[in-house]
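Asker: Below are the structure tokens for one structure; questions will follow.
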Amino acid sequence: MAIWKTHGDGRTVEASAIVLPEERLSWPRTIGLGAQHVVAMFGATFLVPLLTGFPPSTTLLFSGLGTLLFLLITKNRMPSYLGSSFAFIAPLVAAVESNGRGVALGGVIVVGILLALVGVIVNLSGTRWLSAVMPPVVAGTIVALIGFNLAPAAKNNFEASPVIASITLLTVVLVSVLFKGLIGRLAILIGVVVGYAVAALAGEVTLDLTGVAWFGLPEFTLPVFDLAYLPVYLMFVPVVLPLIAENLGHVKGVGQLTERDLDPLAGRTLFADGLATVIAGIGGGSPTTTYGENIGVMSASRVYSTAAYWVAGIVAILLGLSPVVGAIIFSVPAGVLGGITTALYGLIGIIGVRIWVENRVDFSRPKNQFSAGVGLIIAIGDFTLNAGAVSFGGIILGTVASLVIYHLMTFLGRLRGTDVPGAAH
């Protein structure tokens with residue numbers, strides 16, 4: 001377990017230096033940095049419960065607990081905040097609408113267990129096999145199709161109040177373009193605040209804090225496990241793949257920024273995220289994942305101290321114990337959500353495209369064209385396959401299609417001698 005030592009004089013970071021995970025600045029500065037991490041994660045983290053109907057306070061509580069657990073499991077050597085995962089939104093919404101929150105939580109726990117098991121395997125065997133099973137073209141497709149599959153949900157919220165939605169969306173775009181550093185990375189949160197204020201002036205916000213306590217336990221929901229809901233649980237399984245990609249991307253990103261080989265911690269990272277997701281599912285919180293927003297804060301401040309994340313996790317827990325905070329979050333109107341999700345779901349899709357670009361995926365190759373193109377169309381069109389009582393939606397079908405097409409065409413190409421091991425993917 002890495003124990004923090006004070007960096008330099010504890011007050012400044014030299015121009016050519018960084019504060020490493022096992023270091024920290026003075027505690028007042030560390031607390032300030034922890035507060036920045038809370039602000040950075042907040043806009044995205046509270047959107048998932050808003051969009052899925054989960055209690056925001058419960059989500060914040062388990063987000064903070066998950067972050068502290070993550071730091072312990074990774075031996076205080078991997079700086080990260082575990083915020084709400086957007087990869088779960090589509091199956092969560094579908095499961096809640098058809099079978100209720102308890103069944104949806106069962107699906108969350110299934111994914112958490114699978115991710116934790118992958119973490120154990122990676123810890124024992126390394127990450128090379130993951131790259132073979134899920135090459136960049138497939139990983140990018142899976143991430144992209146999850147975002148694009150959510151387009152109808154964004155459309156429905158946008159049309160609920162087009163003016164408020166447009167103002168919210170325009171705010172996000174302008175803040176992202178006009179401001180650099182931390183403010184630019186808070187575009188989503190600022191967009192929500194501006195949209196909420198305009199909606200309040202227009203009389204579209206309903207908020208009654210009468211009798212709402214400042215401090216108290218959030219709402220807890222127990223998961224439901226029943227083989228009758230097996231099709232619902234299966235609907236969540238593809239989410240494991242983007243979670244793996246997000247966690248491994250986080251390990252690579254932090255390793256590059258700190259100039260360290262952090263790959264040996266990849267298994268612990270996956271296991272910790274899986275366990276945090278399981279715990280959140282047991283209590284009724286949103287599932288978790290590592291957050292790119294917080295990598296941005298570290299990159300701008302050059303402070304990678306895990307001490308700041310302990311502060312962030314504790315603050316999130318305290319916010320989760322405030323019903324007032326939850327009530328305010330839950331009062332965000334549909335128009336504001338419409339503007340935010342139009343941008344956010346698009347960004348999720350573009351993250352998948354970014355995976356292709358950063359890994360130089362060659363789209364002149366038919367196997368890459370078909371594995372990406374077919375998977376995206378199936379997800380965007382939300383194809384559905386009914387097999388008796390089992391129903392599979394666009395995300396799971398698109399994921400399976402992308403994986404099967406890629407590996408089938410690779411196998412056939414090698415039989416014909418047109419594809420060889422080690423060729424660019």
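The values are calculated or read from the model by the stated rules, or taken from the named source; none is laboratory data. Just so it is clear, the model here is predicted, and its values are computed rather than measured. Glycine gets a Cβ as well: all are built from the backbone with ideal geometry, and neighbour counts include every protein chain shown.
Asker: Please give the number of the condition Met78 fails out of (1) surrounded by fewer than 24 Cβ atoms within 10 Å (Cβ to Cβ); (2) outside any helix (DSSP H, G or I); (3) of a type in the set (A, V, I, L, M).
Answerer: Failed condition: (1).
Asker: List the pairs whose first member sits in the stretch 204-221 and is more than 12 Å from Ile328 (Cα to Cα), whose second member is of a type in the set (D, E, K, R), and whose Cβ atoms are under 8 Å apart, counting only residues at least 6 apart or on separate chains?
Answerer: Note: pairs meeting the criteria are Thr221/Arg101.
Asker: Further question on the same structure: So which of Val400, Val374 ends up being over 22 Å from the mean Cα position of the chain (by Cα) and part of a helix (DSSP H, G or I)?
Answerer: Val374
Asker: Would you point out the residue of the stretch 45-63, among those that are among the hydrophobic types (A, V, I, L, M, F, W, C) and under 13 Å from the mean Cα position of the chain (by Cα), that is surrounded by the fewest Cβ atoms within 10 Å (Cβ to Cβ)?
Answerer: Val48
Asker: Look through Ala245, Ala197, Ala187 and report the one residue that is closer than 30 Å to Val400 by Cβ and either touching a His at 6+ places or on another chain (Cβ under 8 Å) or among the small types (Gly, Ala, Ser) (or both).
Answerer: Among Ala245, Ala197, Ala187, only Ala245 is closer than 30 Å to Val400 by Cβ and either touching a His at 6+ places or on another chain (Cβ under 8 Å) or among the small types (Gly, Ala, Ser) (or both).
Asker: Follow-up. Identify, please: which residue in the stretch 348-373 is among the β-branched types (Val, Ile, Thr) and buried (at least 18 other Cβ atoms within 10 Å of the Cβ) and is, among those, farthest from His407 (Cα to Cα)?
Answerer: Only one residue fits best here, namely Ile348.
Asker: Could you tell me which of the residues Gly66, Gly107 is buried (at least 22 other Cβ atoms within 10 Å of the Cβ), in contact (Cβ under 8 Å) with a residue 24 or more places away in the chain and in contact with a strand residue (DSSP E or B) (Cβ under 9 Å, 6 or more places away or on another chain)?
Answerer: The conditions single out Gly66.
Asker: Among the residues of the stretch 180-232, write down those that are modelled with pLDDT under 85, charged (D, E, K, R) and under 30 Å from His37 (Cβ atoms).
Answerer: Result: Lys180, Arg185.
Asker: If we scan the stretch 94-115, do we find a residue that is among the charged types (D, E, K, R) and farther than 25 Å from Pro264 by Cα?
Answerer: Yes, that holds for at least one residue.
Asker: I need the full set of residues from the stretch 128-144 which are out of contact with any Ser or Thr (no Cβ under 7 Å at 6 or more places or on another chain) and surrounded by 18 or more Cβ atoms within 10 Å (Cβ to Cβ), in order please.
Answerer: Selection gives Leu130, Met134, Pro135, Pro136, Ala139, Gly140, Val143, Ala144.
Asker: Quick check, is Ile380 within 21 Å of the chain's Cα centre (by Cα) and at pLDDT below 85?
Answerer: no
Asker: Considering each of Ser301, Ser305 in turn, give the residue that is buried (at least 20 other Cβ atoms within 10 Å of the Cβ), at pLDDT below 85, over 20 Å from the mean Cα position of the chain (by Cα) and of a type in the set (Ser, Thr, Tyr).
Answerer: Among Ser301, Ser305, only Ser301 is buried (at least 20 other Cβ atoms within 10 Å of the Cβ), at pLDDT below 85, over 20 Å from the mean Cα position of the chain (by Cα) and of a type in the set (Ser, Thr, Tyr).
Asker: Looking only at the stretch 226-241, filter to residues that are closer than 15 Å to Leu114 by Cα and touching a Phe, Trp or Tyr at 6+ places or on another chain (Cβ under 9 Å); which one of those is surrounded by the fewest Cβ atoms within 10 Å (Cβ to Cβ)?
Answerer: Here the answer is Leu234.
Asker: Confirm whether Pro49 is of a type outside the set (Gly, Ala, Ser), in contact with a Ser or Thr (Cβ under 7 Å, 6 or more places away or on another chain) and modelled with pLDDT of 85 or more.
Answerer: Spelling it out, Pro49 is indeed of a type outside the set (Gly, Ala, Ser), in contact with a Ser or Thr (Cβ under 7 Å, 6 or more places away or on another chain) and modelled with pLDDT of 85 or more.
Asker: Okay, moving on. Consider the stretch 152-172. How many of its residues are at pLDDT below 85 and either buried (at least 24 other Cβ atoms within 10 Å of the Cβ) or among the aliphatic types (A, V, I, L, M) (or both)?
Answerer: 2
Asker: Are there any pairs with C-beta distances below 6 angstrom linking a residue in the stretch 2-22 that is under 22 Å from Gln256 (Cα atoms) to a residue that is part of a loop (DSSP other than H, G, I, E, B) and of a type in the set (Gly, Ala, Ser), with the two at least 6 apart or on different chains, and if so which?
Answerer: Val19/Ser305; Glu22/Ala2
Asker: A follow-up question, please. Considering only residues that are touching a Ser or Thr at 6+ places or on another chain (Cβ under 6 Å), farther than 30 Å from Thr168 by Cα and β-branched (Val, Ile, Thr), which ones fall in the stretch 326-374?
Answerer: None; the set is empty.
Asker: Follow-up question, since we're still on this one. Return the only residue of Ser286, Ser299, Ser331, Ser322 being among the small types (Gly, Ala, Ser) and touching a strand residue (DSSP E or B) at 6+ places or on another chain (Cβ under 6 Å).
Answerer: Ser286
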